[in-house]
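Only one structure is covered here, and it is reproduced in the block below.
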Amino acid sequence: MAKTPKTNPHLQRVVRELREVSRKAEAPIWRDVAERLERSRKNWSEVNLSRLSRYAAKGEQIVVPGVVLATGEITTAVTVAAFRSSEAARKKIEAAGGRAIGLLELAVQNPKGSGIRIMG
């Protein structure tokens, strides 16, 4: 069965640039995130704030190759990078002292991918 290509131009750009960062920095973490984003959308990670609060340590950098949702509360200040996050989730993360950013922004800040946890 043939794989259906992604049609979202923003998603295509993110995947392409993550692969490029992975090649240049020799960091396989970004290639792994790009491959997870190329899966069908029903297989994407959907991480709630309650899970982030349960497993993330203070100051940690978390990558969600999918969507961050606002169910639950978060009290830990973490940096969360995701393809997409709900507005309510973004507000709750920032209220806890953390940052909600895009995947490419984190890939540019940390091209080697050291100290990053993939969740979801």
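The numbers here are math on the coordinates, done by the rules we state, and not lab data. Worth saying up front: this structure is predicted, and the values here are computed from it rather than measured. Note that we place each Cβ from the backbone using ideal geometry, even for glycine, and neighbour counts take in every protein chain shown.
Tabulated data
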quantity	calculated
Cα lying deepest toward the dipole's positive end in the chain, options Gln61, Ala96, Asn8, charges on Cβ	Asn8
Whichever lysines have a C-alpha closer than 19 Å to that of Lys24, once near sequence neighbours (fewer than 8 apart) are set aside	Lys112
The chain: calculated mean residue ellipticity at 222 nm from DSSP helix runs of at least 4, using -39500 (n - 2.57)	-12000 deg cm²/dmol
Protection-proxy order for peptides 17-24, 78-85, each taking the mean of Cβ atoms within 10 Å per residue, highest first	78-85, 17-24
Two-decimal log10 I(q)/I(0) for the chain, as the Debye equation yields it once each C-alpha is a single scatterer, q = 0.14, 0.22, 0.23 Å⁻¹	-0.55, -1.23, -1.31
Of the DSSP H helices in the chain, those whose Cα atoms cover at least 15 Å axially and whose Kyte score averages -1.0 or more	9-25
Interchain or long-range residues, amide H under 5 Å from Ile118's placed H	Val63
